[in-house]
């Protein structure tokens with residue numbers, strides 16, 4: 001799990017092949033991002049709370065998720 005510096009947002013992931021973006025203050029799920037057959041290795045949340053980056057098992061790609069656009073972009077490393 002990764003929390004934003006202000007404690008407002010949280011990003012969690014496990015062996016269930018999806019990531020979850022949470023509003024920690026209200027305890028509600030904001031987004032559920034499918035990552036089929038993979039699990040979260042590491043993550044960070046941008047200071048604006050709209051973007052976060054994560055890496056999953058099975059690749060060395062960094063994926064950027066834009067929360068306001070509900071869009072995922074893969075950036076090769």
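Cβ-Cβ contacts under 9 Å between residues 6 or more apart (or on different chains), taken from a first residue in the range 16-27 that is at positive phi to a second residue that is assigned to a loop (DSSP other than H, G, I, E, B), are listed as 17/35; 17/36; 17/37; 17/38; 17/39. For the range 10-38, name all the residues that are part of a loop (DSSP other than H, G, I, E, B) and touching a strand residue (DSSP E or B) at 6+ places or on another chain (Cβ under 6 Å). Listed by number, the residues that qualify are 24, 35, 38.
Quick note: the coordinates plus some simple rules give every number you see, no bench work behind them. On a predicted model such as this, the values are computed, not experimentally measured, just so you know. Positions of Cβ are backbone-derived with ideal geometry, glycine not excepted, and every protein chain shown enters the neighbour counts.
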